[in-house]
1. Checking the conditions here, which among B:136, B:162 is within 30 Å of residue A:9 (Cβ to Cβ), of a type outside the set (Ser, Thr, Tyr) and either open to solvent by less than 10 Å² (accessible area, probe 1.4 Å) or not in a helix (DSSP H, G or I) (or both)?
2. Can you tell me which residue among A:108, A:138, A:134, A:145 is under 21 Å from residue A:13 (Cα atoms), in a helix (DSSP H, G or I) and of a type in the set (Gly, Ala, Ser)?
3. Suppose the filter is open to solvent by 20 Å² or more (accessible area, probe 1.4 Å), farther than 26 Å from residue B:46 by Cβ, away from chain A (no Cβ under 14 Å) and outside any helix (DSSP H, G or I); does residue B:114 pass it?
4. Going by the structure shown, is residue B:9 charged (D, E, K, R), in contact with a Gly (Cβ under 9 Å, 6 or more places away or on another chain) and closer than 15 Å to residue B:200 by Cβ?
5. Pairs please, first residue from the range A:4-19 and surrounded by 20 or more Cβ atoms within 10 Å (Cβ to Cβ) and among the aromatic types (Phe, Trp, Tyr), second anywhere and modelled with pLDDT under 90 and in a helix (DSSP H, G or I), Cβ atoms under 9 Å, 6+ apart in sequence or on different chains.
6. Just for the range B:94-104: of the residues that are open to solvent by 30 Å² or more (accessible area, probe 1.4 Å) and farther than 24 Å from residue B:26 by Cβ, which one is farthest from the other protein chains (Cβ to nearest Cβ)?
7. Regarding the range B:40-59, can at least one residue be identified that is farther than 18 Å from residue B:157 by Cα and under 17 Å from the mean Cα position of the chain (by Cα)?
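The values are calculated or read from the model by the stated rules, or taken from the named source; none is laboratory data. In this text, all values refer to a predicted model and were calculated from it rather than measured experimentally. All Cβ positions, glycine included, derive from the backbone under ideal geometry; neighbour counts span all protein chains shown. Note: accessible area is taken over every heavy atom of the protein model, side chains too, but ligands, DNA and RNA are not part of it. Shrake-Rupley method; radii C 1.70, N 1.55, O 1.52, S 1.80 Å.
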Amino acid sequence: MKGVSIILNRELSAYFSTPVAYIFIVIFLMLSGVFTFYLGQMFERGQADLSAFFNFVPWLYLVLVPSVAMRLWSEERRSGTIELIMTLPLTTWQLVLGKFLAAWLFIGLALVLTFPLWLSVNYLGSPDNGVIFGAYIGAWLMAGGFLALGSCVSALSKNQIVAFILSLVLCFVLVVSGFPIVQDVFSGWAPLWVIDALSSMSFLTHFNAISRGVIDLRDVVYFLAMIGTWLYATVIVIDIKKAD
Amino acid sequence: MIKVEGLSKHFGQFCAVNDISFSVQPGEVLGFLGPNGAGKSTTMKMLTGFLTPSSGVISLAGHNVIAQPVAAQKILGYLPEGAPAYSDMTARASLEFVGKVRGFVGQELKQKIAEVAEQVALESVLDKRVETLSKGYRRRLGLAQAIIHDPKVLILDEPTDGLDPNQKHQVRKLIKNLAEDKIVIVSTHILEEVTAVCTRAMILSSGKILFDGTPEQLAAKSDYHNAVNVRSEDLNPELLMQLEALELVTEVERVSDTQIMIKPVAGASVLADVNKILHANAVAIDALHVEAGRLDDVFRTLTLGGEQSL
């Protein structure tokens, strides 16, 4: 655990020693404001809740999380520092977990910084704060899922742009797998269990469930299993590809 | 000590390291020599547990590197080729990071960083970001992170590559000072480095060990080993004939108008005989010395399989 926390600290301080962290946070906050107030029409709806914000969060994460994830391993492999950290007395799991947790905390911080939205709705009315809390947890769990996938893709390629685009596409597929656009392709010929499996793989299905304020254990387990699986895949990919 | 048995590494069809075995004892400074692509770096990467061998066993002070890499990495310091470092950190932060992983905290960590920074003369740039450091400083930072925990085994991949002559001298001196009770493995393609720091030299080519012995033994393989180099204004053809007629002399090479090189048969010494003839002819000698051998010739002969040897 100590190894994980050393890696985590190094990674976190690396985010803030470059402009990357600040740019990410500013853009995330700006876009979430735009989405909530203009596209989500929070005022016009006349309801004291944050669903205008949380409806857009999956799409925001779809673009922004891969941009955080892309550098996780590509950068290490390109600059050769992977050889430095992987010959320190640390296991691959410690490295993967430390880097993942740092990025996840960082995204969590950006999410927490949207608190003025929460303050606004509480000023304007009396929202169900339990639902809002649930939705925040859900959004963070979903970010973790995107991030774990992005970490695995980043380990595959030395090129950050390739890692970004590939993980964006994969995340997109996971988000929309519950939508008619995907379901229609399968319905009519695929057995029902395939269609069910597809829709139950969708990030959105599980996120919507949590963001309604019902923290169902199955949804939480889904995201944690997603994270665990992709991180495990990251470990395998790194052990195969590290020397390329 | 390090024990390597039947070590091989294949990348697809390409065989980078081909069934090599050797062992290294504490106190030895082993130099890996070889042309580019000989398998030096690959071997080092396997020794450090970074690469998994295709076959073979590596034991590092009793730890199986393949099965227990973390235990082996604890007693190991490694400078990868090109001395990679996180460019957005300061030199001090880099050392703190490595030091923490090595288990140092608080005052002890500060102490260790101060010590290694002094050892490699890095104090002046400790608070600069790595991306602004010159190649020489970066290499020294890499060295510092490799030796911060006083490792029993030190593996340095081209530690002096890209350094200026003063920096090279400094790094070599450092390696020599470190070496007393440690195992040090250095890779290089600079031959002078082998005589300067190594107690043992190993020539690798196409993934095989072509030579394993002391630098002196390596030099002794040279045609020029024990050759007598004479500089004088009085070199006339008759004198050369007399020298060439000596029993143990294979060739008298005319280096320039005023310099000759008298090559003996392998293993023989001709200095006394040459001296006699020079005296008998009353030659005024400007300089006379016995060559130790030319490493670059030996290197070429060994690694090119004798085809293009001089």
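1. On inspection, the qualifying residue turns out to be B:136.
2. Just a single option satisfies the conditions, and that option is A:108.
3. The answer is no for residue B:114.
4. It is false that residue B:9 is charged (D, E, K, R), in contact with a Gly (Cβ under 9 Å, 6 or more places away or on another chain) and closer than 15 Å to residue B:200 by Cβ.
5. Close Cβ pairs satisfying both conditions: A:15/A:21.
6. Among those that are open to solvent by 30 Å² or more (accessible area, probe 1.4 Å) and farther than 24 Å from residue B:26 by Cβ, it is B:96.
7. Checked against the condition, which is being farther than 18 Å from residue B:157 by Cα and under 17 Å from the mean Cα position of the chain (by Cα), the range B:40-59 yields no hits at all.
Rundown of residues vs (1) open to solvent by 20 Å² or more (accessible area, probe 1.4 Å); (2) touching a residue at least 24 places away in the same chain (Cβ under 8 Å), yes/no style:
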position	(1), (2)
B:199	yes, yes
B:212	yes, yes
B:219	no, yes
B:222	no, yes
B:240	yes, no
B:246	yes, yes
B:257	yes, no
B:264	no, yes
